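Here is the structure we will look at, set down as structure tokens.
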Protein chains: 2
Amino acid sequence: MLELPIHPLTCFVLVRPHYPENVGAAARAMKTMGFTRLLLVKPGKMAEPSHVMAQKMAVKSLDVLQATPPLSDLGSALAGVSFTYATTARRGVSGVLTARRAAQDAVQRAARGERVAFVFGNEKTGLAEEDLYAAQAQVRIPMAADQPSINLGQAVQLMAYELFVSALEARERQEGTRD
Amino acid sequence: MLELPIHPLTCFVLVRPHYPENVGAAARAMKTMGFTRLLLVKPGKMAEPSHVMAQKMAVKSLDVLQATPPLSDLGSALAGVSFTYATTARRGVSGVLTARRAAQDAVQRAARGERVAFVFGNEKTGLAEEDLYAAQAQVRIPMAADQPSINLGQAVQLMAYELFVSALEARERQEGTRD
């Protein structure tokens with residue numbers, strides 16, 4: 001697996017996920033892009049890493065799932081993290097970053113050794129306002145309309161992809177400079 | 001829904017999809033980014049738009065699913081299409097475009113009124129060599145390793161997202177020029 005500076009410094013946090021399928025899909029989505037640190041905060045009673053549907057969806061990513069202890073609050077998940085990006089599907093949140101801009105920012109922070117976290121809310125309700133605004137930055141994936149919303153596993157996939165592509169671009173720029 | 005020139009001119013073609021969940025997830029993924037033309041070529045016996053799991057996954061996207069007639073060959077799906085992008089997970093295919101580069105190219109073609117298609121293969125086997133190389137371009141989504149592969153519904157989400165973001169950027173550049 002290609003490991004770039006962003007990889008060991010980034011965690012993905014799912015707050016109150018409900019569907020085990022989404023937890024498993026998130027694990028796989030992260031791993032396709034080289035990320036392995038998944039944290040679950042107050043998962044719903046089915047959304048356990050050990051649920052058969054979580055395991056079924058986490059194709060070749062059981063290591064990511066199994067390393068995931070359920071946490072009782074977001075603060076514990078963010079211990080040691082210096083910059084937190086909270087995701088939202090809402091339009092009109094002021095100062096919100098696009099997924100791409102947030103990824104570029106995170107890659108720059110990781111290059112300085114900072115730990116970063118991307119936080120995703122519940123499938124139906126998203127993040128609580130207090131969790132959204134407690135983060136240092138808010139992130140929104142561009143969408144053509146408010147409905148349908150982006151599935152939770154898909155949102156994790158898109159964010160992980162943007163981070164990986166930004167990290168690849170940063171490496172290419174650095175190699176270009178070095179020549 | 002925000003409609004850009006790329007939207008009515010792009011179709012997504014799934015060849016021999018096996019899991020109805022992925023067909024439903026693809027429909028939802030497309031619609032989040034404003035796309036509605038989904039075509040199924042030789043779907044597996046469960047991968048029908050009417051399957052309960054396809055419908056369950058196609059949250060608020062049943063219109064995309066229901067407009068999908070199963071086709072018996074890829075040629076029928078590509079009737080009227082002037083440029084086809086075939087997706088592959090394989091490394092080392094020569095001349096392969098990244099998803100982002102392909103999206104930028106497709107947006108330019110759509111601005112000239114060309115119809116484009118993005119073709120995705122079976123979950124396990126991908127596209128047959130002949131289908132991959134019959135396309136005008138081959139596309140690969142960057143990945144950190146060969147395993148796990150990107151789930152089919154996730155691949156459709158990433159490609160639809162890149163197309164939408166490229167189309168938004170093209171519109172911004174155009175508006176910038178006009179001022």
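What follows draws every value from the coordinates through simple rules; no lab data is involved. Because the structure is predicted, anything quoted here is derived from the model rather than measured. Heads up, the Cβs are rebuilt from the backbone with ideal geometry, glycines too, and the neighbour counts pull from every protein chain shown.
Observations on the structure shown:
- All positions within segment A:117-149 that are buried (at least 23 other Cβ atoms within 10 Å of the Cβ) and β-branched (V, I, T): A:V119, A:V139, A:I141
- Identification of helices (runs of 4 or more DSSP H) wholly contained in segment B:1-116 with 1 or more residues that are over 26 Å from A:Q157 (Cα atoms) and of a type in the set (K, R) yields B:99-111.
- Residue that is under 17 Å from the mean Cα position of the chain (by Cα) and within 26 Å of B:L132 (Cβ to Cβ), where the choices are B:G34, B:G44, B:G75: B:G75
- No other residue among A:V15, A:V41, A:V52, A:V23 is touching a Gly at 6+ places or on another chain (Cβ under 6 Å) and more than 12 Å from chain B (Cβ to nearest Cβ) apart from A:V15.
- Criterion violated by A:E169 - all others in (1) surrounded by fewer than 18 Cβ atoms within 10 Å (Cβ to Cβ); (2) in contact with a helix residue (DSSP H, G or I) (Cβ under 7 Å, 6 or more places away or on another chain) satisfied: (2)
- Within segment A:150-160, being within 9 Å of another protein chain (Cβ to nearest Cβ), β-branched (V, I, T) and crowded, with 24+ Cβ neighbours inside 10 Å holds for no residue.
- Tabulated pairs, segment A:136-148, first within 7 Å of chain B (Cβ to nearest Cβ), second aliphatic (A, V, I, L, M) and surrounded by fewer than 16 Cβ atoms within 10 Å (Cβ to Cβ), C-beta under 7 angstrom, 6+ apart or interchain: A:A144/B:M1; A:A144/B:L2; A:A145/B:M1; A:A145/B:L2
- Looking only at segment B:78-102, residues that are charged (D, E, K, R) and more than 16 Å from the chain's Cα centre (by Cα) come to 2 in all.
- Condition check for B:G44: at positive phi and small (G, A, S): no
- Looking across B:E130, B:E123, one residue alone is touching a Pro at 6+ places or on another chain (Cβ under 9 Å), among the acidic types (D, E) and within 19 Å of B:R16 (Cβ to Cβ). It is B:E123.
- For segment B:21-42, a residue qualifies if it is surrounded by fewer than 24 Cβ atoms within 10 Å (Cβ to Cβ) and over 22 Å from B:R115 (Cβ atoms), and exactly one does: B:E21.
- The set of residues in segment A:5-18 being at negative phi and buried (at least 21 other Cβ atoms within 10 Å of the Cβ) consists of A:I6, A:L9, A:T10, A:C11, A:F12, A:V13, A:L14, A:V15, A:P17.
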